[in-house]
Amino acid sequence: METSLSAGAADIGTAEERAAVDEILSPPPSPWVGGERSPRALHVARRDGTTLPPRSLLLPALRALESRVGVVSPGAVNYLAVRMDLPPAEIYGVAAFYALLDVGEAAPPVKVHVCDDVACQLSGAGGLIAALRERYADEGEASLDGVQWHRSPCLGQCDRGPAVLVQRAGAHAADIEVVAATREDVVRAIAAPGPSPTPPAVVPQVGDPSLVVLRHVGRVDPTDLDSYRTAGGYESLRRALQLGPEGVVDWVADAGLAGRGGAAFPTGWKWRAVANQADRTHYVVANADESEPGTFKDRVIMEEDPFAVVEALTVAGYAVGAEQGYIYIRAEYPLAAARLRHAIAAARQRGFLGDDVMGRGLRFDIDVRQGAGAYICGEETALFNSLEGRRGEPRNKPPFPTTHGLFGKPTAVNNIETLMNVLAILEFGPARFRAVGTPDAAGTRLFCLSGAVARPGLYEAPFGTRLGALIDMAGGLMPGRTLQGVLLGGAAGSFVGPTALDTPLAPADLKAIGATLGSGVVVVFDDTANLTGTVLRIARFFRDESCGQCVPCRVGTVRQEELVARLAAGRPHGTVADELRLFRDLAQVMRDASICGLGQTAANAVDSALRLGWLGG
Amino acid sequence: MAAVRPMTRTDGAFPERSVRATIDGRAVTVPEGTTILAACRAEGTEVPTLCFLENLAPVNVCRACVVEVEGSRALVPACSRPLEADMVVSTRSERVDHSRRMVLELLASSVDMSLAGPDLERWLEEYGADPARHGPLAPTGADRQARAGRHGSVAGEARATLDQPVTIDNELYVRDYSRCILCYKCVEACGDQAQHTFAIAVAGRGFDAHIATEFDVALPDSACVYCGNCVAVCPTGALMFKSEYDLRQADDWDASRQTVTDTICPYCGVGCTLELHVQDNRIVKVTSPMDHEVTHGHLCVKGRFGFDFVHVPPPGAEDTRR
């Protein structure tokens, strides 16, 4: 292929833009790939044996441009095209896929993303939005002092909303998380010289001896490897090395561990399938793209126990025969990403990562890759495409990741909470692990409680705990309030009414009432909540987050949102029964014919709200 | 029982293994690796397709070809899924018909499909697609400049569409994206499936995803080499030769007055087969047969557009060319 630069932009970017790209790709080795053009250098008509940077560095380079200059400009795209030998149109197509990348000639230096998703709606997002509109400008308009704000899907701070992410470009570039945000907090974060400290995560059960996944939280300094080791860190990897790779897979399978990301696939099966692939470059990927509205569990783990994440991914790599692991983390979690990067560097320095892990001659290392604002990239095959520098569009399955995953190689993808359970299995043994929970669901589950409870936060409880008991753990409802409903499993999950309080939180029991645990989301709505607004927000969410690849989801989510808007306004086309028939038709085609789980679950929550009579009743 | 390809191999390779499966209650045997779509077509079973084309790798995005496979939770795209041993496939179950109807209805509710050909018209009728029930057309179409993950408020009174003006930025072909069903064929043909020019890609996300050059610059400012291969693969008339577009605008395009003449391209030694579409003794369009072993339907700018010299008037007559 011959790279044709865009004639629409005659330049190859400013010095600042080229520096941002060079920081990721390292400086260009010759004038033929974007380096300084001197008559002498141009006399040599070859590429000096230069190998091109891998395409997987495209997203990091685009992120660097966003952070340094606040925009991905035509000149910068031309420079990337030269450096990476990629067509400008394709680079543009990738950049324009992500909500947190601005594409165009220029953009304001400060972007403020205000979460108005299901949980933050309940904790004052509306008021904050009005205040920001008054202080700065209308949504999407730059204020005179260069600030632009937008409403944002869930930022994963649901227990302490309203949440805000400030993206500040330039010399003092920083991504700043603001929680329980007021207008003054946002103004202060924008003006602060460095990234302001984020308050520690809310884990009300800290110190409870029954904790499994959260057992280190509050007892370990997340920035100190020694503290982690004192608390028993790296004992699980030591045990794994004694068991051997097959032994680890056997233990994980015997323990009955199922994935905690939402699909509940048996982890042991997945690992065995990858380990057995003859094609010998294997990868492990930690899916930390937690974006399901209402979910914040993986963020808390990564912020409070990052060494455990690193250790668990090392165990996974050992078990499936991988030498390289990736942690793909959503862009909205800058603190968690920083903690993980620090933990990886410390582990590498102390011989827990690298060419000789724990002196056993094993090679394993980990890269952290950040997303750029796309819920769909939590879908495992979309995640691969995003990591490979392509648009985050899901792939058709089969083939499955266990045979054709990252870079086309056998890949084990696991959610962060799942990986943490592996450490527990190695520490306690499969029998003790399985003794907790229900016969069909072993172990504990993390539950993200938000909304109208007295003590929102992250809770750990055995599978089979009743929904009502879980809400009681969180202090129950505020005095004098009554329960309207609960959103279980996030936007891709479903609403349940007060009758579900006695339902045990285990797969079979939930299936019986048409619900799922999903990613452990429990958003509680009391009688003050505006449920119509919540359902509308979910419909808008799916339209915004559909990748656009397949027709059922691309158009279906648009028609669903239009339909919900009509019902919410009490202005149906024809009768309400006509609208319900239309909705069932939409829901079925999205469920049956969409490529991936996003489209297949996009109608779940609306469906459950209609069944509960919350719309158009 | 119909074999899709002859079982006799002349390249010395081992004979292919065959796969037995059931399609619509009938036993079929096909060579391993045959897609469900190919097996159905060999059986004479019609499966509607929009984004599939024989000379491009399947992208399975339109979902018109979905079939039901026993034991599979979701429906399965016939165009890309190989038939597996003992698979039990239904091509006209209730679920299949419902999905096809809705896929066609959703497309027709958002895109102008009036030039998408007789098959599509028939399928809309056969599967009972009713785009009108999604409401009246919204007065304005999709915002191509919309940022990924953001859209304006939705009242739901009228249905959103892709309605937008036709893009005419060169003399050879026009782009009417109000007809685009995002089948990816043009991107594939421009990219590594044929032309390797990579002038266009899919940009944006969701309903606002669209085919674009970098930053939506005009084609003359892009890498486009005007081979016209994107036009040749477009199933809905979103991409159209300017000659055809002008005749249609003048209400003078009439397929019944057209003849197709096969010839060899006069330019280089490759000798591509050209099909000259002629109306009123003027060439109005040039294509190449998709099953041609050299072109696979693809041409270069010269073969595709370099026919003006044919219209040189006889000596003494007035030259009416541009």
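The values are calculated or read from the model by the stated rules, or taken from the named source; none is laboratory data. Keep in mind that what you see is a predicted model, and the values were worked out from it rather than measured. No Cβ is skipped: glycine too gets one built from the backbone with ideal geometry, and neighbour counts run over all protein chains shown. Keep in mind that these areas ignore ligands, DNA and RNA; they rest on the heavy atoms of the full protein, side chains included. Shrake-Rupley method; radii C 1.70, N 1.55, O 1.52, S 1.80 Å.
Before we move on, is B:Ser110 closer than 17 Å to B:Leu162 by Cβ, more than 10 Å from every other protein chain (Cβ to nearest Cβ) and of a type in the set (Gly, Ala, Ser)? Steps first, please.
Details: closer than 17 Å to B:Leu162 by Cβ: yes; more than 10 Å from every other protein chain (Cβ to nearest Cβ): no; of a type in the set (Gly, Ala, Ser): yes.
Here the answer is no, as B:Ser110 does not meet what is asked.
With B:Arg81, B:Arg122 as the choices, which residue is open to solvent by 20 Å² or more (accessible area, probe 1.4 Å) and facing chain A (nearest Cβ under 10 Å)?
Working: B:Arg122 fails: facing chain A (nearest Cβ under 10 Å).
Step by step, each of B:Arg81, B:Arg122 is checked, and only B:Arg81 is open to solvent by 20 Å² or more (accessible area, probe 1.4 Å) and facing chain A (nearest Cβ under 10 Å).
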For A:Lys397: the one exception among (1) under 25 Å from A:His113 (Cα atoms); (2) within 14 Å of chain B (Cβ to nearest Cβ): (1)
Cβ-Cβ under 6 Å pairs, at least 6 apart or on other chains, the range B:157-169 side within 15 Å of B:Gly135 (Cα to Cα), far side exposed (fewer than 15 other Cβ atoms within 10 Å of the Cβ): B:Ala158/B:Pro136
Sole exception among (1) within 23 Å of B:Asp192 (Cβ to Cβ); (2) at pLDDT below 70; (3) away from every other protein chain (no Cβ under 14 Å) for A:Ser38, by number: (1)
Residue in the range A:233-251 that is crowded, with 18+ Cβ neighbours inside 10 Å and under 29 Å from A:Ala64 (Cα atoms) present: no
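Matching residues to (1) in a helix (DSSP H, G or I); (2) surrounded by 22 or more Cβ atoms within 10 Å (Cβ to Cβ); (3) assigned by TED's automatic domain parsing to the domain that holds B:Leu104; (4) among the basic types (Lys, Arg):
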position	(1), (2), (3), (4)
B:Cys186	yes, yes, no, no
B:Ala189	yes, yes, no, no
B:Asp192	no, no, no, no
B:Thr197	no, yes, no, no
B:Ile211	no, yes, no, no
B:Phe215	yes, yes, no, no
B:Cys224	no, yes, no, no
B:Val231	yes, yes, no, no
Count - residues of the range A:439-455 that are at pLDDT 95 or above and open to solvent by 30 Å² or more (accessible area, probe 1.4 Å): 2
Close pairs (6 angstrom Cβ cut-off, 6 or more residues apart or separate chains): small (Gly, Ala, Ser) in the range B:98-111, surrounded by fewer than 24 Cβ atoms within 10 Å (Cβ to Cβ) and outside any helix (DSSP H, G or I) anywhere: B:Ala108/B:Ala129; B:Ser109/B:Arg159; B:Ser110/B:Thr161; B:Ser110/B:Leu162
Some residue of the range A:94-113 being part of a helix (DSSP H, G or I) and in contact (Cβ under 8 Å) with a residue 12 or more places away in the chain: yes
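Residues checked against (1) of a type in the set (S, T, N, Q); (2) crowded, with 19+ Cβ neighbours inside 10 Å; (3) part of a loop (DSSP other than H, G, I, E, B):
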position: B:Arg63; (1), (2), (3): no, yes, yes
position: B:Ser72; (1), (2), (3): yes, no, yes
position: B:Leu104; (1), (2), (3): no, yes, no
position: B:Leu107; (1), (2), (3): no, yes, no
position: B:Leu115; (1), (2), (3): no, no, yes
Within the range B:37-61, tally of residues that are open to solvent by less than 40 Å² (accessible area, probe 1.4 Å), out of contact with any Ser or Thr (no Cβ under 9 Å at 6 or more places or on another chain) and free of Cβ contacts under 8 Å to residues at least 60 places away in the same chain: 2
Some residue of the range A:314-336 being within 28 Å of A:Leu100 (Cβ to Cβ), more than 13 Å from the chain's Cα centre (by Cα) and among the basic types (Lys, Arg): no
Residue among B:Cys234, B:Cys190, B:Cys230 that is facing another protein chain (nearest Cβ under 9 Å), under 15 Å from the mean Cα position of the chain (by Cα) and at pLDDT 95 or above: B:Cys190
Unique residue being part of a helix (DSSP H, G or I), over 30 Å from A:Thr528 (Cβ atoms) and not hydrophobic (A, V, I, L, M, F, W, C) when the list is A:Arg432, A:Arg369, A:Arg390: A:Arg432
When residues of the range A:555-585 are limited to those that are of a type in the set (Asp, Glu) and either more than 28 Å from the chain's Cα centre (by Cα) or over 17 Å from B:Ser109 (Cβ atoms) (or both), the one farthest from the other protein chains (Cβ to nearest Cβ): A:Glu579
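Please tell me if B:Arg100 is basic (Lys, Arg), within 30 Å of B:Thr29 (Cβ to Cβ), within 12 Å of chain A (Cβ to nearest Cβ) and under 21 Å from the mean Cα position of the chain (by Cα).
yes
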Leading residue by the ranking (surrounded by the most Cβ atoms within 10 Å (Cβ to Cβ)) among those in the range A:456-478 that are in contact with a Lys or Arg (Cβ under 8 Å, 6 or more places away or on another chain) and not in a loop (DSSP other than H, G, I, E, B): A:Leu458
Test: A:Ile329 is among the hydrophobic types (A, V, I, L, M, F, W, C), in contact with a Cys (Cβ under 7 Å, 6 or more places away or on another chain) and either open to solvent by 10 Å² or more (accessible area, probe 1.4 Å) or within 23 Å of A:Cys547 (Cα to Cα) (or both): no
Which numbered condition A:Gln588 misses (of (1) more than 11 Å from chain B (Cβ to nearest Cβ); (2) more than 25 Å from the chain's Cα centre (by Cα); (3) of a type in the set (S, T, N, Q)): (1)
Some residue of the range A:272-283 being crowded, with 23+ Cβ neighbours inside 10 Å and among the β-branched types (Val, Ile, Thr): yes
Scope the range A:534-554; condition assigned to a helix (DSSP H, G or I), in contact (Cβ under 8 Å) with a residue 24 or more places away in the chain, within 8 Å of another protein chain (Cβ to nearest Cβ) and closer than 16 Å to B:Val154 by Cβ; matching residues: A:Asp544, A:Glu545
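Could we say that A:Gly126 is within 20 Å of A:Ser450 (Cα to Cα), open to solvent by less than 30 Å² (accessible area, probe 1.4 Å) and small (Gly, Ala, Ser) here?
No, not satisfied.
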Qualifying residue in the range B:205-220 (condition: more than 9 Å from chain A (Cβ to nearest Cβ) and touching an Asp or Glu at 6+ places or on another chain (Cβ under 9 Å)): yes
Pairs with Cβ under 7 Å, 6+ apart, first in the range A:582-601 and over 9 Å from A:Pro394 (Cβ atoms), second open to solvent by 10 Å² or more (accessible area, probe 1.4 Å) and charged (D, E, K, R): A:Leu582/B:Arg133; A:Ala587/A:Asp607; A:Asp592/B:Arg95; A:Gln600/A:Arg591
Residue in the range A:75-88 that is assigned by TED's automatic domain parsing to the domain that holds A:Val186, open to solvent by 30 Å² or more (accessible area, probe 1.4 Å) and under 25 Å from A:Gly389 (Cβ atoms) present: no
Flag for A:Val187 being assigned to a helix (DSSP H, G or I) and open to solvent by 10 Å² or more (accessible area, probe 1.4 Å): yes
